[in-house]
Each structure stands twice: as structure tokens, then as C-alpha cells.
Amino acid sequence: MPRQASARRYWLFKSEPDSYSFAQLQADGRTFWHGVRNYQARNLLRDEIQVDDGVLFYHSNASPPALVGVAKVVRAGYPDATAFDPASDYHDPKSNPQDPTWFQVDIAPVQPFRRPLPLAELREMPELEGMVLLQKSRLSVQPVAPGQWRHLLASGGAKESW
DNA sequence: GCCAACGTTGGC
DNA sequence: GCCAACGTTGGC
């Protein structure tokens, strides 16, 4: 049974554009969001993030750091195989394939913001009071409240839905 | 490049 | 279980 539209949830994924940019996601059409090695983010990837959820794509360590586009979840959490690969930068020798520690989801691009929203500008928006990104948090996968989502899409000139 | 904030590790 | 030391993130 399909979920109610009201059950769709929203997330923010950070990526350094030098390693993986929104433009690259658009070129790829879809990607495996692998390499997350933080337990709080892992819990979201494994337990909370569902197909069709919305994703805000954030460029960290960029000039300026900014929200740059909208993506959607196309596959829910499953084990991150790079953890088992000794040749991978993300190899985790403590992770057991029988009981994986690290998870990933797949996302696909929806559309870029017509106007990227720099972090400094986000900090000025009263609508974003309490947003995880603006708190002292280094979480690379984090929740976004529905009101914040709507505000950000409107501000960035992106459509409400897909 | 600096460095503050944060998360993880490991000795005890 | 505490907490100091260490490594990483990420804005500036």
C-alpha cells in the first residue's frame, strides 16, 4: 500500500562538491549514498529514510557552502558494501557482512535550485529557527522539518513536489 | 591554512 | 563508565 503523501519525510545530505557535486548527481542520474561512517547518520539511513522521501543537497567545504538542489530517495537503506572492501577508502575492518554496521540509500536528482542558497543566507531566515544544519551539528545526513522544506524550496525557486 | 566543535577511541 | 587524547569536519 502506498504511503500517504503526509508521511513523506525530508532530509539534508551534505557533500563536498570536490568529491561529489549535485551536477555530478545530475550527470549520473542516480547514486549510492555510501561512505557514511557516523552512527547517528547510519541510524537514519538504515531505519528512517524511505523511498520517495525528499533530499536537500548541500555543498559543504565549498565557496560558499550552500544548498544547491533537490533530490529524492529511490532505494531505502541497505548495507554499504564499501565497508567490506579492503581496497576502498571507506573500508571498515570491524564491519561484518553477516551483521553490517554501515548502510546506504540511493538517491536521484529532482532539480537544481534556480538560486543556490548560501549558508550565510540560511542563517538570516527566521523560518529556519532550530534547523539542524544551523545548530552545532556535523551530521552529514540530517532531518528537515516539512515547514523548513517548503520554505527552502520556495526560496531556492524549486517546485514543491515531483 | 587555521582552529573550534564534535565524535570516537582507549587507558584506567 | 569516565574522560583525556586524538582525528575529522567544515566554516571562515
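The values are calculated or read from the model by the stated rules, or taken from the named source; none is laboratory data. No experiment lies behind these values; they were computed from the predicted model shown. Cβ placement follows ideal geometry from the backbone for every residue including glycine, while neighbour counts extend to all protein chains displayed.
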Conditions (1) small (Gly, Ala, Ser); (2) away from DNA strand C (no atom under 15 Å from the Cβ); (3) in contact with a helix residue (DSSP H, G or I) (Cβ under 8 Å, 6 or more places away or on another chain) -> A:Ser140 fails only (2)
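For every residue, the table says whether it meets (1) at pLDDT below 95; (2) farther than 18 Å from A:Val73 by Cβ; (3) within 16 Å of DNA strand B (Cβ to nearest atom); (4) part of a loop (DSSP other than H, G, I, E, B).
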| site | (1), (2), (3), (4) |
| --- | --- |
| A:Thr101 | yes, yes, yes, yes |
| A:Val105 | no, no, no, no |
| A:Glu121 | no, yes, no, no |
| A:Gly130 | yes, yes, yes, yes |
| A:Lys136 | yes, yes, yes, yes |
Reported set for the range A:25-41 where residues are under 12 Å from the mean Cα position of the chain (by Cα) and within 14 Å of DNA strand C (Cβ to nearest atom) is A:Trp33, A:His34, A:Val36, A:Ala41
A:Leu117: passes all of (1) touching a His at 6+ places or on another chain (Cβ under 9 Å); (2) part of a strand (DSSP E or B); (3) of a type outside the set (S, T, N, Q) but (1)
All-but-one check, A:Gly77 against (1) within 23 Å of A:Glu160 (Cα to Cα); (2) more than 14 Å from DNA strand C (Cβ to nearest atom); (3) surrounded by 20 or more Cβ atoms within 10 Å (Cβ to Cβ), failing number (1)
Among (1) within 16 Å of DNA strand B (Cβ to nearest atom); (2) without any contact (Cβ under 8 Å) to a residue 60 or more places away in the chain; (3) closer than 26 Å to A:Ala120 by Cα, A:Asn43 falls short only on (3)
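Every residue, every condition in (1) under 30 Å from A:Phe84 (Cβ atoms); (2) crowded, with 20+ Cβ neighbours inside 10 Å, yes or no:
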residue	(1), (2)
A:Asp99	yes, no
A:Gln104	yes, yes
A:Arg123	no, no
A:Met131	no, yes
A:Leu139	yes, no
A:Gln148	no, yes
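Within the range A:34-62, track down each residue that is among the small types (Gly, Ala, Ser) and closer than 25 Å to A:Lys159 by Cα. Let's see the steps before the verdict.
Residues of the range A:34-62 that are among the small types (Gly, Ala, Ser), as a first pass: A:35, A:41, A:54, A:60, A:62.
A:Gly54, A:Ser60, A:Ala62, listed by residue number.
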Taking the range A:46-64 and the residues there that are away from DNA strand B (no atom under 16 Å from the Cβ) and part of a strand (DSSP E or B), the one that is nearest to A:Arg9 (Cα to Cα) would be A:Gly54
